[in-house]
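The values are calculated or read from the model by the stated rules, or taken from the named source; none is laboratory data. Bear in mind that the values here come from a model prediction, so they are computed numbers and not experimental data. When we count neighbours, we look across all protein chains shown, and the Cβ atoms used for this are built from the backbone with ideal geometry, even at glycine. Side chains are part of the model used for accessible areas, which takes the heavy atoms of the whole protein and leaves out ligands, DNA and RNA. Shrake-Rupley method; radii C 1.70, N 1.55, O 1.52, S 1.80 Å.
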Amino acid sequence: MAFIDDDETLQSFKDESHEHLDGIENDLLAIEEAGADIDLELVNKVFRAMHSIKGGAGFLGLNAVKTLAHAAENLLNKIRNKDLVPTTPVISGLLDAADLVNRLLNQPKGAVELDISGPLAALNSILSPESDQAAPPPGVSHANKPGTPGQPASWQGLLTEHSAEIADNRLGGFGIFVLEFERSSDGEQQGLSPTIQTTLESIGQVLGSQTDDSSAASPQPTYVLYATMMERDMLVSFAGLPPERVHEIQEQAEPAPASPVPTVEPSPIPAPVAEESPSPSPSKNVAADSAPQTKAGTDSSLRVNIKILDNLMTLAGELVLTRNQFLQIVHSSHQQIFDAVSQRFDLVTSELQEAIMCTRMQPVGNIFNKFKRVVRDLAHKLGKEIDLVLEGGEVEMDKTIIEALTDPLTHLVRNSVDHGIETPDKRTAAGKTPCGTLQIKAFHEGGQVIIEIVDDGGGIDTARIKEKVLSMGTHDKSQIEAMQEHELLRLIFLPGLSTAKEVTDVSGRGVGMDVVHANLSKVGGVFDIASKLGKGTTITIKLPLTLAIIPSLIVSVGTERYAIPQVNMVELVRVPASKVKQRIERIDEALVIRQRGRLLPLISLAEALGIEKRYYQVPKTKQVKVCQRQLIEDRRSCTAPSGEDSENLTSAGFGVTTGVSEVNQENRESPDRRTSPQSAVNIVVVSVGKFHYGLIVDKLLDSEEIVVKPLGSHLRQSQLYAGATIQGDGKVALILDVVGISKFMNLSSGSVRVRDRGPQETERINPDAQTLLLVRNSPKEQLAIPLNLVSRIEEIQRDQVELTGGRSNMQYRGSTLPLFSINEVAKVAPLQEDSSNLYVVVFPFGEREAGIMVSEIIDIVTVIGGLDDTTHKQPGIMGSVIIMKKITMLVDLFGIVAAMMPEWIRHTSLGTKSGQGQHILVVEDSPFFNRQICGFVSDAGYKVFSATDGVEGLALLEREKIDLILTDIEMPNMDGLEFTARVRTDARWSGMPIIAVTSLNSEAAEKRGLKAGVNEYMIKLDREKVIHTINSYLKH
Amino acid sequence: MQPSPTANATKRKLALFESGHLLCGLDIIHVQEINKNIAVTAVHRVPDYVRGVINLRGEIVTVVDLRTKFGFAPLAQEAEEQIVIVRLGDENIGLLVDSVSDVVIADEKDIEPTPPNLAGVPGHFFKGIYKLEQSLVAILNIEKLLAREFE
């Protein structure tokens, strides 16, 4: 016999053992939870797993592993026989042993031996508390049933005599037993009866026997030294002996240097794998060196479901067949066959790709289960009670992502346990249950996997973050004061920041969160954190399903093509040349665009890559040509004869929300002005966490699923690229790293915020401005839909509209979207019959969605005032406004739904007369909106008092008993903010619900509103939501 | 023909190619293949000697311009360049050269140490100088030549 130096066998043993160990951990925890009321099946399972490890380790000569596994096995046996209650120390001992076995297995060949004495001693002391390692004679110890510790070693001579055989058998994974037979019952003569000898030999090896002549017992016992793979309890029944007569001979854990018994010395063969000898540095703590070893243990092999493999085989076969067909066609070249074959080729390839991807998918539960242990150990250590709830362990993700996720998630979980959830006394004091809850959930959302870590602990104290950040000096006071709650929370990702008052060895040293953030970003993870002081913290991580293939947008700069991962994209914006000057400007060296009332920083991709104003080569001729680009913001408005002037309406195929913009009405003198598409600026708005910026590119080419390939070592240092991909024509396109680009260009959310509050901002954005989507069915009649009620715009073929049950519908995102045309309700021109295309303006209505069909989308414009609600008012039309010198009718989406789908109205807050005559004060200066709002609020069953500015509002408040206030922000005399502040400072109305209504949902305005004390911030014309909110405030 | 280890000790096969006015040799063990007319995709904001990347049967291979690395003037626009694919560690790297000329068997004894500066190129890029009848061959030290510079 010898050490098996076969790498493959060793590797498969390791793989198998790792699987056993993974299972063991959870099972042990379950056993602990069950306590004395043991689940025999479970204990047996762990026992078997340990036994397999022991057997394999013995076979491979991994002595340390074997010894540990053996000790654990003994302990489990006692638990199984109900001789030992699996208390926390017992389970801890077993867990430690399992950990150590794991580390031993991960040890590289020839590495310094880990010291196993600690955990082994712990196990043995549990096993035989009385003897505590002292009683057994040197060289051997006995694992007998309690009550028979340290048996007189009458068979000592036997052991000494056969020491070499014992050692050999041990290495082979056999257990060594001494069986005590009685002569009287077992045979007349001394020694062993032939029958028993034969029986024993059939499943083991009799190494020797000896009759104890010195024994005082009348039937003198015969001791049989026996080596077998059987367990002790099996042997007991097999040999037909009472249990106390079967003695298992344990190997001594630490071979005593002066041991008189040579048998248990390690094998004389030089052991490259593992040897049972004490570590050269006995002080080497087991826990201290855990990190590097476990790192090395990330497995390079993968278990694949046999079904997936079968499928792969079939597909590979298909691929070969298709290739053969292709080869045939090359000779015959029939277009028709070619088409058919290429279609099949396409299909097989995609399926093959999908199947291969499946092999990489692993349930996220693999890492979730590890947390049971982490949380248990930590909670014990910190004296906390924590209920861990795991959900969605079956959600599958790419193996690479799962592996990359383990460390960051562990860190987050530890954080939650350490300074999230409080100690039981603190919890009780705060009126919570003493036992905290930690939830870890995984679920799918929008093609991504979301992982949430939710605790009901103390939450994160933003005041402490402020303090800490100030003391670190990375931000100044004004910056911090300007930050919103979520921005403050994100500061915990700053290196060196920890809010823990005391540094524990668990967390609190201020390292980690920045590393967690960096690691998650590497695999495309997006991180968010929400916390309420005293209530708890929720950490949300969004992850891609896989890294290998990602949907991307292909853009170009000059002659070069680049891919931008769709995960990073927010929207696409196209600014026509005529509006470039107006919308894009330069503020202290930085380009910005006005976008929905905010200033969005811009980066020119050409500039970031260093190709602007340089030369680029025209292919083939290789001539050098000067790129005649001017600074973007200096471009003149120009007019061109033809072309659609619809800006920002990106095709739905990109899966990106339609971008919108506001253009002041006065700037549009002529409806016929058109723009040359060449000079328009294309902007891809990308997100870096909650921070957005725009990337200016020359062209938007296509959206494609791309295969990500790594870059060579010389290019990996560049932070601008995330990899490369090969396009259909065989050319390489680089994948842009939007985070890296923003860093490279020194763009950060902090620098933008300052600009966001620049004076230009507040001057130009009028909260009373109403952004409208201009549409038409006939060239003569212009219609407008309030844009902030619109969710998407889709371009469809006329034949996609299906007529069912007398109503128009279309299949849309897996369900049916009811379609209306405006002329069904209002007296306006019908849809143009001759065009094959039409547009659907999709809008939400309560929980549902509906679409308005129109023939043409003209533009998006912003109007301020000038709304007339009398002249053209009719069902489906709420009024009119003059836009581009044309009378434009304002479409009443709710009116249309009410006329077409009366049953929908009944199901919403608008349907039931929910109000019981409570008094509502509406403060709004525009007569149009005043009448609109008063109209639908009183329709809902409330008594309405109307005021046109804050002064009037306050006066009414003095006179009448008001239950709720709806106020506009921008008003003459006294604006909504001041009005709100006045109401709030008056003790009589301090609890009054105040809802601000505006036409523009800008974040900055909302912030100001909330600061002034409004409870909600809503869009004026979204009457369903407004009423719903009023109802919810006035319910009680 | 597979040279035996003993023969290998004294004889080496060198692939010869030109870069600027320098005739270079590279132990054929390093050379994977030689390519012509592969479209190189430019990569920006990387060291200037990196010409770009190519698609080598699905693998993205970095192309290093030997002329830039040596500090020579770039090749005239019309000239046709060749890419020698070399294996370094676990990745393939393309060397952009003017032209690949020949393969010679060099005797170890004819290889001399490199002077510290060879036609303006630092000597550590080379392993030695091999004397042909007509000219001198500078044998490339590929590990040194393609070592990454961490700035």
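Observations
- Counted residues, region A:426-448 - those being crowded, with 17+ Cβ neighbours inside 10 Å and not in a strand (DSSP E or B): 2
So that you can scan it fast, the table gives a plain yes or no per residue for (1) part of a loop (DSSP other than H, G, I, E, B); (2) open to solvent by 20 Å² or more (accessible area, probe 1.4 Å); (3) at pLDDT 75 or above:
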{"position": "A:Ile460", "(1), (2), (3)": "yes, yes, yes"}
{"position": "A:Ala463", "(1), (2), (3)": "no, yes, yes"}
{"position": "A:Glu467", "(1), (2), (3)": "no, yes, yes"}
{"position": "A:Thr474", "(1), (2), (3)": "yes, yes, no"}
{"position": "A:Leu497", "(1), (2), (3)": "yes, no, no"}
{"position": "A:Lys501", "(1), (2), (3)": "yes, yes, no"}
{"position": "A:Thr504", "(1), (2), (3)": "yes, yes, no"}
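- Candidates in region A:746-765 are the residues that are part of a loop (DSSP other than H, G, I, E, B) and surrounded by 17 or more Cβ atoms within 10 Å (Cβ to Cβ); of these, the one that is modelled with the highest pLDDT is A:Leu747.
- Pairs are defined by a Cβ separation below 6 Å, a sequence spacing of at least 6 or placement on different chains, a first member in region A:707-724 that is more than 7 Å from chain B (Cβ to nearest Cβ) and touching a residue at least 24 places away in the same chain (Cβ under 8 Å), and a second member that is of a type in the set (S, T, N, Q) and open to solvent by less than 50 Å² (accessible area, probe 1.4 Å); the pairs so defined are A:Val707/A:Thr725.
- Residue check for A:Lys613: within 14 Å of chain B (Cβ to nearest Cβ) and at pLDDT below 85: yes
- Matching entry among A:Leu28, A:Leu10 (being within 35 Å of the chain's Cα centre (by Cα) and not assigned by TED's automatic domain parsing to the domain that holds A:Asp233): A:Leu28
The rows are residues; the columns are (1) under 28 Å from A:Gly879 (Cα atoms); (2) surrounded by 18 or more Cβ atoms within 10 Å (Cβ to Cβ).
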position: A:Gly941; (1), (2): yes, no
position: A:Ala955; (1), (2): no, no
position: A:Lys961; (1), (2): no, no
position: A:Leu964; (1), (2): yes, yes
position: A:Thr998; (1), (2): yes, yes
position: A:Lys1007; (1), (2): no, no
position: A:Val1014; (1), (2): no, yes
position: A:Arg1023; (1), (2): yes, yes
position: A:Thr1029; (1), (2): yes, yes
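- Leading residue by the ranking (nearest to the other protein chains (Cβ to nearest Cβ)) among those in region A:575-593 that are at pLDDT 80 or above and part of a strand (DSSP E or B): A:Leu591
- Region A:882-896 - residue that is of a type in the set (A, V, I, L, M) and more than 47 Å from the chain's Cα centre (by Cα) and, of those, nearest to A:Glu781 (Cα to Cα): A:Ile887
- For region A:727-738, a tally of residues being facing chain B (nearest Cβ under 7 Å) and open to solvent by less than 50 Å² (accessible area, probe 1.4 Å) returns 3.
- Every residue from region B:23-67 that is hydrophobic (A, V, I, L, M, F, W, C), open to solvent by 40 Å² or more (accessible area, probe 1.4 Å) and within 7 Å of chain A (Cβ to nearest Cβ): B:Ala39
- Qualifying residue in region A:689-701 (condition: among the aromatic types (Phe, Trp, Tyr), more than 9 Å from every other protein chain (Cβ to nearest Cβ), over 15 Å from A:Ser552 (Cβ atoms) and open to solvent by 10 Å² or more (accessible area, probe 1.4 Å)): yes
- Filtering region A:353-393 to residues that are in a helix (DSSP H, G or I), farther than 28 Å from A:His20 by Cβ and open to solvent by 30 Å² or more (accessible area, probe 1.4 Å) leaves A:Gln353, A:Glu354, A:Ile356, A:Met357, A:Leu382.
For (1) surrounded by 19 or more Cβ atoms within 10 Å (Cβ to Cβ); (2) facing another protein chain (nearest Cβ under 10 Å), each residue gets a yes or a no:
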{"site": "B:Phe72", "(1), (2)": "no, no"}
{"site": "B:Glu80", "(1), (2)": "no, no"}
{"site": "B:Leu88", "(1), (2)": "no, yes"}
{"site": "B:Glu91", "(1), (2)": "no, yes"}
{"site": "B:Val97", "(1), (2)": "yes, no"}
{"site": "B:Ala119", "(1), (2)": "no, no"}
{"site": "B:Ile129", "(1), (2)": "no, no"}
{"site": "B:Glu143", "(1), (2)": "no, no"}
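- Tally of residues being over 22 Å from A:Val413 (Cα atoms) and in a strand (DSSP E or B) across region A:511-565: 15
- Against the conditions (1) open to solvent by less than 50 Å² (accessible area, probe 1.4 Å); (2) more than 22 Å from A:Ser778 (Cα to Cα); (3) touching a residue at least 12 places away in the same chain (Cβ under 8 Å), A:Ala899 satisfies every one except (1).
- Condition check for B:Ala106 on (1) away from every other protein chain (no Cβ under 14 Å); (2) under 16 Å from the mean Cα position of the chain (by Cα); (3) buried (at least 20 other Cβ atoms within 10 Å of the Cβ): one failure, at (2).
- Residue check for A:Lys66: modelled with pLDDT of 80 or more, assigned by TED's automatic domain parsing to the domain that holds A:Pro119 and open to solvent by less than 40 Å² (accessible area, probe 1.4 Å): yes
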